[in-house]
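The values are calculated or read from the model by the stated rules, or taken from the named source; none is laboratory data. Quick caveat: nothing in here was measured; it's all calculated off a predicted structure. We place every Cβ from the backbone using ideal geometry, glycine too, and count neighbours over all the protein chains shown.
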Amino acid sequence: MELSAKQRAVLRSMANGLTPVLYIGKEGISDATIKETYDVLQSRELIKGAVLQNSPIQAKEVVRVLCERTGASPVQVIGSKFVLYRKNDKDPKIEF
C-alpha cells in the first residue's frame, strides 16, 4: 500500500508518542522477527521499532525487508528508529 504525504504526516504524528515495541539486535532479521512484526501489525496497525547498536543491519534496510515480507508501508526512519503501518482489513483501527 502506497501512502500519500498527508497520510504519512498523520501517521508520524500518531507514532510520536509510541514507544518501540520491536527491537532488531545482533541476530538481525530472523523468521521469528518477521512473524512478530506481522502479528503486532495485525493487532496495532502502527508500530515503532528500533535497531540496536550491535545489529549488523541498518534501519533503512530493516524497514525495506520488513515491509517486503509483511506487506507493511514505511512511515518514517530517523536514525535507528522506524515506524511501519499496515491496515487491518478485518478490523481497521486507523481511518483516513
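The listed residues are 22, 52, and the only one of them that is touching an Asp or Glu at 6+ places or on another chain (Cβ under 9 Å), modelled with pLDDT of 95 or more and not aromatic (Phe, Trp, Tyr) turns out to be 22. Beta carbons closer than 9 Å, at least 6 apart along the sequence or on distinct chains, pair a first residue in the stretch 41-70 that is without any contact (Cβ under 8 Å) to a residue 24 or more places away in the chain and under 19 Å from residue 87 (Cβ atoms) with a second that is aromatic (Phe, Trp, Tyr) and crowded, with 19+ Cβ neighbours inside 10 Å for 63/82. Number of residues in the stretch 23-43 that are out of contact with any Pro (no Cβ under 6 Å at 6 or more places or on another chain), more than 22 Å from residue 1 (Cα to Cα) and of a type in the set (Gly, Ala, Ser): the value is 3.
Inspection of the stretch 18-33 identifies no residue that is closer than 15 Å to residue 87 by Cβ and loosely packed, with under 14 Cβ neighbours inside 10 Å. Of all the residues that make up the stretch 1-19, how many are of a type in the set (A, V, I, L, M) and within 21 Å of residue 51 (Cα to Cα)? Final tally of qualifying residues: 4. Pairing each residue of the stretch 1-25 that is in contact (Cβ under 8 Å) with a residue 24 or more places away in the chain and within 14 Å of residue 41 (Cβ to Cβ) with any residue that is surrounded by 13 or more Cβ atoms within 10 Å (Cβ to Cβ) and of a type in the set (Phe, Trp, Tyr), provided the two are 6+ apart or on different chains, yields C-beta distances under 6 Å for 11/85.
Scanning the stretch 25-56 for residues that are out of contact with any helix residue (DSSP H, G or I) (no Cβ under 6 Å at 6 or more places or on another chain), within 16 Å of residue 68 (Cβ to Cβ) and among the polar types (S, T, N, Q) turns up 30, 33.
Considering the stretch 34-53, and only residues there that are among the β-branched types (Val, Ile, Thr) and closer than 23 Å to residue 91 by Cα, the residue that is surrounded by the fewest Cβ atoms within 10 Å (Cβ to Cβ) turns out to be 34.
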